[in-house]
Each structure stands twice: as C-alpha cells, then as structure tokens.
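To start, the structure under review is shown below, and the notes come after it.
The values are calculated or read from the model by the stated rules, or taken from the named source; none is laboratory data. Keep in mind that what you see is a predicted model, and the values were worked out from it rather than measured. Positions of Cβ are generated from backbone atoms using ideal geometry, with glycine treated the same way; all protein chains shown enter the neighbour counts. In case anyone asks, the SASA skips ligands and DNA or RNA and just uses the protein heavy atoms, side chains included. Shrake-Rupley method; radii C 1.70, N 1.55, O 1.52, S 1.80 Å.
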Amino acid sequence: MSDTGRTSTLALPTLTPEQRAEALAKAAEARKARSELLASIKSGQQSIDKVLLKAKEDKTIGKTKVTQLLKAVPGLGAVKVAALLEQAGIDPDRRAAGLGERQREALIDALK
C-alpha cells in the first residue's frame, strides 16, 4: 500500500499535570508582559522606534507581531498600520524579531 497523497501529523507530546500547569503559567506570564509592553507604547512611556530596535534582544518584543506594536501607537489604527506595512514591504503576520534592518528602518522613517 502506497503512502503517497497522505499527510502525516505528529502527535503532540502528552504532558504531565505539572508540565501542563508550568506551560500555562509561562504562557500567562508572556501575555502579561506583552500587554504591559503594548500599554507602555500606548501611554507614550516607550517610543515605537526604540521598541523596534530592541526586538532582537528582548524576547517579549521579538515575539510580538509588528501589527500589534504599531496599533498600540496613538493615532495609528488598522487601516494606517496596514498601509505602513505594505509601504515597507512587511508581511502583516511578521513578528518584530523577524524584521530585517531595512524593513525596520523603513518603518521608523515612515513613522517620523
């Protein structure tokens, strides 16, 4: 019997209750850190250009989608963010750590 045409799926590892609780706690911590980051951008405590420059070192910033970071900037909504990303040639699903140097510079320049 041939396996052509079949898609194989890998089974997720079975976690012990302790491992599951640890993973849930870690995820909750990451969500909290991300929401604090977005709130600090929204309130003006952090500027988006400095946040984008720290994306490679800071895990929280790096794992956050660029779209989310930009929407946190006062005065930028979904339509403006989409236009900015298209103008800079950045995929809307791109995470901050995945931005190239030119993409980051193009975004920062467009926001000035």
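Within segment 64-87, being more than 21 Å from R31 (Cβ to Cβ) and not in a helix (DSSP H, G or I) holds for P74, G75, L76, G77. None of I90, I61 is aliphatic (A, V, I, L, M), assigned to a helix (DSSP H, G or I) and open to solvent by less than 40 Å² (accessible area, probe 1.4 Å) except I61.
Is it fair to say Q103 is in contact with a Lys or Arg (Cβ under 9 Å, 6 or more places away or on another chain), open to solvent by 60 Å² or more (accessible area, probe 1.4 Å) and outside any loop (DSSP other than H, G, I, E, B)?
Values: in contact with a Lys or Arg (Cβ under 9 Å, 6 or more places away or on another chain): yes; open to solvent by 60 Å² or more (accessible area, probe 1.4 Å): no; outside any loop (DSSP other than H, G, I, E, B): yes.
No, not satisfied.
Quick one: in segment 66-87, of everything that is among the polar types (S, T, N, Q) and open to solvent by 30 Å² or more (accessible area, probe 1.4 Å), which residue is farthest from L53 (Cα to Cα)?
Taking segment 66-87 first, the residues among the polar types (S, T, N, Q) are 67-68, 87.
Applying the additional criterion that residues be open to solvent by 30 Å² or more (accessible area, probe 1.4 Å) yields 68, 87.
Numbers: Q68: 16, Q87: 19 Å.
By that ranking, first place goes to Q87.
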